[in-house]
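Student: This is the structure I have questions about; it appears just below.
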Amino acid sequence: MTYVDQKESRAVSSWPELRLEDWTATRETLHMWLQIVGKIRLAKAPMVNHWWQVPLYVTPRGLSTTSIPDGERHFEIEFNFCTHHLTIDLEGGERRSVPLEPKPVSQFYAEVLGALGELGVEVSITPYPVEVTSTTSFEDDHENASYDPAAAQMFWRQLVQAGRVMGIFRSRFIGKVSPVHFFWGAMDLACTRFSGRTAPQHPGGAPNVGDWVMVEGYSHELSSCGFWPGGDGEGMFYAYAYPEPTGFPEHPVAPQGAFYYPDGGQFVLPYETVRTSADPDATLLAFLQSTYEAAAITGSWDRAGLEGDPLRRGASR
């Protein structure tokens with residue numbers, strides 16, 4: 001079942017150009033800031049399978065935790081990349097704001113916890129980053145202190161475009177599928193489909209992450225895709241399967257320029273290939289669909305029972 005020929009895709013002129021080398025320092029600082037806020041959500045939100053309670057979500061302004069419970073009330077934290085403030089909104093209307101500007105991670109950490117304290121929100125997090133090789137605690141990180149507002153905003157706009165198209169792709173699956181959400185550990189926007197079958201226990205091995213975390217995340221057979229602002233060039237789109245079926249790496253995928261990266265165990269497509277194509281939406285959808293089919297076909301998924309046509313389902317609206 002393919003949809004890449006449907007007329008729902010459109011050329012978009014708002015895919016920003018942002019070379020990794022031009023915002024390395026800002027990216028590394030922002031990554032730590034995102035981890036601090038993500039860990040606050042992790043500490044407060046009830047557990048959901050595959051850690052789906054911890055990601056952030058793309059908004060018309062930036063990235064948000066969405067509503068977080070605090071006893072009988074709720075609060076929300078949002079990175080606003082339009083005004084360049086971190087806002088903390090408490091149920092009832094009270095707000096605190098932290099400027100997004102060049103400052104050490106240690107200062108950002110203290111300011112965020114201080115703002116939460118002013119709102120009466122008590123929270124304790126493990127003050128160390130995960131899924132990176134650094135073991136410097138947030139309170140001792142005085143080195144990462146860069147913030148280029150233009151680069152941060154362009155990164156958010158990359159997420160807006162990628163998330164929009166990934167949302168179209170997500171709508172074509174009626175089986176278990178994750179939201180399109182931003183995992184602050186690896187700093188990637190992801191969406192994951194599941195076959196419905198359990199998976200062999202994951203071996204773990206992610207830097208500064210307990211193996212039991214990966215076991216929960218990969219408890220069931222899946223096909224995952226996403227956008228990561230890493231690697232080289234302007235970042236990349238990726239797609240992988242767990243467990244990887246026999247024949248998955250050799251399965252043909254689209255578009256031209258996509259390839260299998262053995263060291264990462266995934267197909268990749270440079271962001272620049274999508275951005276510069278005549279129809280970015282169609283180019284990315286071709287990658288998402290064909291790499292999913294690589295997993296579903298070689299993994300013998302029940303495609304008839306898992307896939308659906310969102311245009312047909314929405315015809316009666």
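Student: Using r as the Cβ-Cβ distance of Ala25 and Val209, and R0 as 25 Å, what FRET efficiency do you calculate, to the nearest 0.05?
Tutor: Using R0 = 25 Å, I get an efficiency of 0.55.
Student: Another question, if that's okay. Could you work out the relative contact order of the stretch 149-312? I mean the mean sequence separation of Cα pairs under 8 Å and 6+ apart, divided by the number of residues, in percent.
Tutor: 21 percent
Student: In percent, how large is the relative contact order of the stretch 20-140, given Cα pairs closer than 8 Å and 6 or more residues apart?
Tutor: Once normalised by length, the contact order is 20 percent.
Student: Computed from the mean reciprocal separation of all distinct C-alpha pairs, what Kirkwood hydrodynamic radius does the stretch 61-195 have, in Å?
Tutor: 16.8 Å
Student: For the chain, find the longest principal axis of its Cα atoms and tell me its angle to the long axis of helix 24-44, 0 to 90°, nearest 10.
Tutor: 80 degrees
Student: Computed over the Cα atoms of the stretch 149-312, what is the ratio Rg over Rh, Rh following Kirkwood?
Tutor: That ratio is 0.95, to two decimals.
Student: Of the peptides 22-35, 256-269, how do they stack up when ordered by the mean number of other Cβ atoms within 10 Å, highest first?
Tutor: The peptides rank, most packed first, as 22-35, 256-269.
Student: How would you rank Lys44, Lys176, going from fewest to most other Cβ atoms within 10 Å of each one's own Cβ?
Tutor: Neighbour counts put them in this order, fewest first: Lys176, Lys44.
Student: Assuming 0.36 nm per residue, please report the length gained on full extension of the stretch Glu122 to Glu101 beyond their Cα-Cα distance.
Tutor: Full extension from Glu122 to Glu101 adds 5.1 nm.
Student: Now for a separate question. Using Cα pairs under 8 angstrom and six or more residues apart, how large is the relative contact order of the chain, in percent?
Tutor: It rounds to 19 percent for the chain.
Student: For the chain, what is the charge dipole size about the Cα centre, in debye to the nearest 20, if Lys and Arg each add +1 at the Cβ and Asp and Glu each add -1 at the Cβ?
Tutor: 1180 debye
Student: When we measure straight from the Cα of Lys176, which aspartates and glutamates land under 17 angstrom away, once same-chain ones fewer than 8 places off are left out?
Tutor: Reachable aspartates and glutamates: Glu216, Glu221, Glu293, Asp302, Glu307, Asp309.
Student: So for each of 240-248, 156-164 I average, over its residues, the number of other beta carbons within 10 Å; can you give me the resulting order with the highest mean first?
Tutor: Answer by packing, highest mean first, reads 156-164, 240-248.
Student: In degrees from 0 to 90, rounded to the nearest 10, what is the angle of the helix 280-298 Cα long axis to the longest principal axis of the chain?
Tutor: 70 degrees
Since every read-out is calculated from the coordinates, none of them should be taken as a lab result. The model shown is predicted, which means the values in this text are computed figures rather than measured ones. All Cβ positions, glycine included, derive from the backbone under ideal geometry; neighbour counts span all protein chains shown.
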